[in-house]
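A quick write-up on the structure given underneath.
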Amino acid sequence: MEIAASIRGASKEYKTGDTVITALQPTTFDFMKKKLTLIIGPSGSGKTTLLSLMGCVIFPTTGEKHRLSFTLLSDKGNKIQKQFGVPKSLLGLLPGRVTYIADKTGKVIYIFNSQIQSTKHVEEALRILKELQ
């Protein structure tokens, strides 16, 4: 199998005064070409940080990334969030958690919206993706 992109020992920390917040522990991972990769974990485990590093939205504190052959889209200005009506959570301070599944034509065929059932997003997405095969 051919590697599409990889990271080696990538981590991300944010510093505020004397406080250091670790957003991503040192991580090594290969994204394979033509393979579906699911990144799952509880809230705060570093999923978004990992994807942001891969898409050059942020830069790692340590480590490196290689061969990024895809574009990672972000929702600057919350345009997509507003268009799809994704609610905010935690007193309106954090973006909502909504999973959209689209078919090969781009038509949204499934929407799962839950702020507290993060593992359910993955279970439901896998179920729908298996049905599409």
For Thr61, what residues show an amide H to amide H distance below 5 Å, using hydrogens built from the backbone and excluding near sequence neighbours?
Ser11, Lys12, Glu13
Applying the Karplus parametrisation 6.51 cos²θ - 1.76 cosθ + 1.60 with θ = phi - 60° to the phi angles of the range 123-132, what ³J(HN,Hα) value in whole Hz is obtained for each residue in order, glycine and proline being reported as x?
4, 5, 4, 5, 4, 5, 4, 5, 5, 6
Going down the list Lys33/Lys120; Lys34/Lys120; Lys34/Lys79; Lys12/Lys47, which pairs span over 22 Å between their C-alpha atoms?
Lys33/Lys120; Lys34/Lys120; Lys34/Lys79
For the pair Thr37 and Ser114, what calculated FRET efficiency results from E = 1/(1 + (r/R0)^6), where r is the Cβ-Cβ distance and R0 = 35 Å, to the nearest 0.05?
0.95
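None of the figures in this text is laboratory data; all of them are computed from the coordinates on show. Since this is a predicted model, take the numbers as computed values, not measurements. All Cβ positions, glycine included, derive from the backbone under ideal geometry; neighbour counts span all protein chains shown.
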